[in-house]
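The values are calculated or read from the model by the stated rules, or taken from the named source; none is laboratory data. Model, not experiment: these values are computed from the prediction. So basically every Cβ, Gly included, is an ideal-geometry build from the backbone, and we count neighbours across all protein chains shown.
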Amino acid sequence: MKISRRSFLKMGGTFALGFTALPGLKAFAASGLLKASPDPKALAGKKWAMAINMKVCREKGPEGCKECVVACHQVHNVPDIGNPKEEVKWIWKEPFANAFPGQEHEYLEETVKGQPFLVLCNHCDNPPCVRVCPTQATFKRKDGIVVMDDHRCIGCRFCMAACPFGARSFNFRDPRPYIPKLNREFPTREKGVVEKCNFCVERLAAGLSPACVEACRHGALVFGDLEDPNAGIRDVLSSRFTIRRKPELGTRPKVYYVV
Amino acid sequence: MYNARPVIIGLAVFIGLTTFPIWRALEKAAPAPEPELDTPAIQQMPEKLCVEATPTMRARHMQLLGDWRAGVVRDGRTVYAGQAGKKYEMSLQKTCLKCHANKDKFCDQCHDYAGVQPDCWTCHIAPGENKP
């Protein structure tokens, strides 16, 4: 059989291509991610959001009720350092004037003026923290939740400077000794990383609603998918007048307040 | 060969000196560790199966854990189809350490021997650690 130089080179080229592609293919097949899938129980959404009915919180909740805060901080191993300068918080209460700067005036109704407002990460649709993160440690998931990948966080705190809501806390020291009761199902953080509310992604993945929503016995917190027209949160948003924190900054927060 | 005697002696001394750290280490090499599988959770298993076969786990557990980390944190994939089609939750604390509850005898032994210092435990809680 006679082979022309042309076809010999073609065949040689094909073999060489096959041999160079093989290790790559093997590595790909060995990658564990091919065998990984989401939990079928997981709550799926396209645009998770929260509505906080402060009227219900004020009227039905007992004075100084902090059940949602306690539940969240317990589930996520949030330390209680005691020093306000090093405070770590995921969800907390802020006076009205601080939560909604520019909205307060001296003749404001007494039920709102100076009253504590529940605040947390707004999981902005246009998150400035994500844009500034140099390692993509913080990123927006497909379902709209802005999460931290603390494996990648280098502690530069750009995100803290970028967040207009002060929703992020830095671990100035090892938080372990300051965690009153350790939840062994969830990791802690370490010295030198930033943390914040994660909209309970670990609970959503297991088919549970966020810890704060579950903890509120009066239903002041409503969590749901904005893209789902039948979701409870859409009811709240279409039937009540709601406001968001600092909408003028264009970050498009996804935590809505019934004042 | 000119000056064979001093050259050969010199070479022998040179090789001896340069390889000194190697044969010195050989002489008193630490015994290879044997990770212990004796935990109550493993003892109770009818068929002692890990997520993947033992040789795979031994050689590639770090890649697997890295894939799990990326899958869970960045992709929201939390269920892993392991060997024999068994499903596992992809979690160091909730899956790996539930069976391998003896971190010091399972993880640390080999890591110390190999001189690697994985920084998993600064955040992830090992069993028995920080008992409140």
When you check residue B:69 against the structure, is it facing chain A (nearest Cβ under 7 Å), part of a loop (DSSP other than H, G, I, E, B) and of a type in the set (D, E, K, R), yes or no?
no
Can we say residue A:117 is at pLDDT 95 or above and aromatic (Phe, Trp, Tyr)?
no
Against the condition small (Gly, Ala, Ser), at pLDDT 95 or above and under 14 Å from residue A:77 (Cα atoms), how does residue A:211 come out, does it pass?
yes
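Answer yes or no: is there a residue in segment A:24-34 that is out of contact with any Asp or Glu (no Cβ under 7 Å at 6 or more places or on another chain), away from chain B (no Cβ under 14 Å) and of a type outside the set (Val, Ile, Thr).
Step one: list which residues in segment A:24-34 are out of contact with any Asp or Glu (no Cβ under 7 Å at 6 or more places or on another chain), which gives A:24-30, A:34.
Filter once more, keeping what is away from chain B (no Cβ under 14 Å): A:24-25.
Okay, now just the ones that are also of a type outside the set (Val, Ile, Thr), so A:24-25.
Looking through segment A:24-34, at least one residue is out of contact with any Asp or Glu (no Cβ under 7 Å at 6 or more places or on another chain), away from chain B (no Cβ under 14 Å) and of a type outside the set (Val, Ile, Thr).
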Taking segment A:65-87, which residues are buried (at least 22 other Cβ atoms within 10 Å of the Cβ) and among the β-branched types (Val, Ile, Thr)?
A:78
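Quick one: how many residues across segment B:27-60 are in a helix (DSSP H, G or I), of a type outside the set (A, V, I, L, M) and either in contact (Cβ under 8 Å) with a residue 60 or more places away in the chain or more than 10 Å from chain A (Cβ to nearest Cβ) (or both)? Lay out the reasoning, then the answer.
Here is the first cut: in segment B:27-60, the residues in a helix (DSSP H, G or I) are B:27, B:40-43, B:54-60.
Filter again for of a type outside the set (A, V, I, L, M), leaving B:27, B:40, B:43, B:54-56, B:58, B:60.
From what's left, either in contact (Cβ under 8 Å) with a residue 60 or more places away in the chain or more than 10 Å from chain A (Cβ to nearest Cβ) (or both): B:27, B:40, B:43, B:54-55, B:58.
Residues in segment B:27-60 being in a helix (DSSP H, G or I), of a type outside the set (A, V, I, L, M) and either in contact (Cβ under 8 Å) with a residue 60 or more places away in the chain or more than 10 Å from chain A (Cβ to nearest Cβ) (or both): 6 in total.
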Report yes if some residue within segment B:106-116 is surrounded by 16 or more Cβ atoms within 10 Å (Cβ to Cβ), assigned to a loop (DSSP other than H, G, I, E, B) and in contact with a helix residue (DSSP H, G or I) (Cβ under 9 Å, 6 or more places away or on another chain); otherwise report no.
no
Count of segment A:155-185 residues which are within 14 Å of residue A:74 (Cα to Cα) and surrounded by 15 or more Cβ atoms within 10 Å (Cβ to Cβ)
7
Somewhere in segment B:49-62, is a residue surrounded by 13 or more Cβ atoms within 10 Å (Cβ to Cβ), over 18 Å from the mean Cα position of the chain (by Cα) and of a type in the set (Val, Ile, Thr)?
no
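Residue by residue, here is whether (1) within 14 Å of chain B (Cβ to nearest Cβ); (2) touching a residue at least 40 places away in the same chain (Cβ under 8 Å) holds:
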{"site": "A:201", "(1), (2)": "yes, yes"}
{"site": "A:212", "(1), (2)": "no, yes"}
{"site": "A:218", "(1), (2)": "no, yes"}
{"site": "A:222", "(1), (2)": "no, yes"}
{"site": "A:229", "(1), (2)": "no, no"}
{"site": "A:236", "(1), (2)": "no, yes"}
{"site": "A:246", "(1), (2)": "no, yes"}
{"site": "A:250", "(1), (2)": "no, yes"}
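Here's the yes/no breakdown for (1) under 28 Å from residue B:91 (Cα atoms); (2) more than 13 Å from chain B (Cβ to nearest Cβ):
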position: A:21; (1), (2): no, yes
position: A:40; (1), (2): yes, no
position: A:53; (1), (2): no, yes
position: A:57; (1), (2): no, yes
position: A:72; (1), (2): yes, yes
position: A:82; (1), (2): no, yes
Can you confirm whether segment A:163-173 contains a residue that is within 13 Å of chain B (Cβ to nearest Cβ), small (Gly, Ala, Ser) and in a loop (DSSP other than H, G, I, E, B)?
no
Taking segment B:84-93 and keeping only residues that are part of a helix (DSSP H, G or I) and surrounded by 15 or more Cβ atoms within 10 Å (Cβ to Cβ), one is left with B:92, B:93
Scan segment A:149-191 for residues that are in contact with a Ser or Thr (Cβ under 6 Å, 6 or more places away or on another chain) and under 30 Å from residue A:102 (Cα atoms) and jot them down.
A:159
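So which of A:187, A:177 is within 10 Å of chain B (Cβ to nearest Cβ), over 27 Å from residue A:50 (Cα atoms) and out of contact with any strand residue (DSSP E or B) (no Cβ under 8 Å at 6 or more places or on another chain)? Outline the logic, then answer.
Working: A:187 fails: over 27 Å from residue A:50 (Cα atoms).
After ruling out the rest, the residue left standing is A:177.
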